[in-house]
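Participant: If you scroll down you'll find the structure; I have some questions about it.
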Amino acid sequence: MAARRILQVSARAFVSPVAGGSSAARSGGNPVTIFSPSPSTKLTPEFRSRLAQTCAWESVVVEPCQEDSTVSQFSFFMPSGEEVSFCAHAAIGACSFLANETAVMSADGSPPMQHSNHNEHVVTFIAAQERHKKYNALVRGREAELFMECEHYESACDKNGSTLSHFLEEIGLNEDDIDDNDAMPTFLNSSVARPKTLIPVKSVDRLHAATAPTNATKFQQMCESIDSTGLYLYDSSSTMNIECRQFPKSSGYAEDPATGIAAGALVASLHRCKMNSSGDPDDSVSTMTTILQGTAMRRPSQIKVKIDDYATSSTSTSTSNPSHSGNVKISYAGLVQFDHVKYLDETELS
């Protein structure tokens with residue numbers, strides 16, 4: 001039997017257009033590897049995991065949906081081979097690839113991204129771990145906009161876990177760097193997929209003064225003690241163009257240049273804070289918020305996030321663990337750059 005050949009596409013999602021064409025093409029955005037087997041090739045969960053372990057960053061396996069031939073199935077993976085429920089930048093990259101496959105393949109591995117912005121494609125997919133839910137993305141040339149309906153959940157960090165001071169010490173900051181505005185909690189877990197800990201920093205200068213954790217094991221244990229998958233620091237002095245940094249719990253790298261689900265969680269929490277302070281039901285719909293990330297890493301990234309609707313579902317005022325949940329319609333938009341295309345032979349995984 002002939003060995004299976006899997007198309008492997010190297011891309012970067014949420015590339016910043018501000019950096020300029022040549023700079024952004026070389027370094028900006030968050031890397032993702034897209035694996036696309038032929039429609040007749042059936043992959044096992046173990047084989048998908050092995051594919052993911054060939055990568056130094058997140059990956060997505062794109063396959064036909066067995067129940068609906070008009071829909072694709074996306075399986076999202078960490079570089080460890082662990083499958084996760086969702087990864088926004090991987091989804092953005094995969095949707096852009098499906099919409100622009102002919103152009104990407106004709107480029108024969110060289111950067112082909114000069115598509116016409118007049119062409120629009122709608123891509124519908126399911127996530128392998130959430131097969132009951134369909135997602136849609138609108139792809140306009142290099143830009144893909146992903147539309148989601150999900151639960152937004154907030155909770156206070158576990159008081160028995162690592163404290164804010166412990167985390168700040170680990171990343172080279174102190175409490176004088178933190179904005180303690182009562183309108184927005186300074187040490188809050190927020191989630192639209194997986195919980196990220198939001199920490200408002202007073203200025204861009206202090207945000208970029210933070211250093212990535214050097215002891216990965218210790219940092220992972222600290223995050224787990226507060227039920228978090230990573231810290232998301234943001235410049236609280238801005239409202240529409242917000243500089244952010246993410247230090248993940250255990251992704252195989254110390255800092256992330258663009259984090260869709262963290263950006264979504266931040267914008268959802270800021271939006272809920274705005275609704276609470278204004279008391280205006282019209283504030284349930286927001287304007288676009290631009291999240292800038294990766295600047296300190298010299299990998300400039302841009303994520304455009306919009307809340308299309310927010311409906312509170314429950315709130316707990318427990319003094320020991322206050323929490324909140326709401327149903328949110330949210331969209332993410334960003335540019336995608338394709339860097340390289342090749343075929344991976346099954347024997348290369350042996």
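Participant: With the alpha-carbon atoms as the only input, what is the per residue convex hull volume for segment 82-232 in Å³?
Facilitator: Each residue corresponds to 184 Å³ of Cα convex hull volume.
Participant: Decide, for segment 157-233, between rounded, prolate and oblate: order the square roots of the alpha carbon gyration tensor eigenvalues as a ≥ b ≥ c, take rounded if a/c falls under 1.5, and otherwise choose prolate if a/b is larger than b/c, else oblate.
Facilitator: Oblate is the answer for segment 157-233, as a/c is 1.5 or above yet b/c matches or exceeds a/b.
Participant: Using a 1.4 angstrom probe on the protein heavy atoms only, could you order His271, His208 from most to least accessible area?
Facilitator: The ranking, largest first, comes out as His208, His271.
Participant: Taking the Cβ of Ala128 as the center, what net charge do the other residues with Cβ under 9 Å away carry, scoring Lys and Arg +1 and Asp and Glu -1?
Facilitator: Once positives and negatives cancel, what remains is -1.
Participant: Let me ask something else. Round to a whole number: what % of the accessible area of the chain belongs to carbon and sulfur, probe 1.4 Å?
Facilitator: Answer for the chain is 47 percent, counting heavy atoms of protein chains only.
Participant: Classify segment 121-170 as rounded, prolate or oblate, taking a ≥ b ≥ c as the square roots of the eigenvalues of its Cα gyration tensor: rounded when a/c is under 1.5, otherwise prolate if a/b is larger than b/c and oblate if not.
Facilitator: prolate
Participant: Ordering Asp177, Asp227 by accessible area with a probe of 1.4 Å, largest first, what comes out?
Facilitator: Greatest to least solvent exposure: Asp227, Asp177.
Participant: Note down the Stokes-Einstein diffusion coefficient of the chain in µm²/s, whole number, using a Kirkwood radius over alpha carbon pairs, 20 °C, and 1.002 mPa s.
Facilitator: Answer, rounded: 103 µm²/s.
Participant: Continuing with this model, one more query. May I ask you to give the solvent-accessible area per residue for the chain, in square angstrom, as obtained with a 1.4 angstrom probe?
Facilitator: 44
Participant: Given an 8 Å cut-off on Cα distances and at least 6 residues of separation, report the relative contact order of the chain as a percent.
Facilitator: The normalised contact order for the chain reaches 23 percent.
Participant: A follow-up question, please. Would you calculate, for the chain, the mean residue ellipticity at 222 nm contributed by helices, counting each DSSP H stretch of 4 or more residues as -39,500 (n - 2.57) and dividing by all residues, to the nearest 500?
Facilitator: The per-residue figure over the chain is -6000 deg cm²/dmol.
The values are calculated or read from the model by the stated rules, or taken from the named source; none is laboratory data. Predicted model, so just to flag it, every value in this text is computed and none were measured. Glycine gets a Cβ as well: all are built from the backbone with ideal geometry, and neighbour counts include every protein chain shown. Remember, those area values only see protein heavy atoms, side chains included, never the ligands or the DNA or RNA. Shrake-Rupley method; radii C 1.70, N 1.55, O 1.52, S 1.80 Å.
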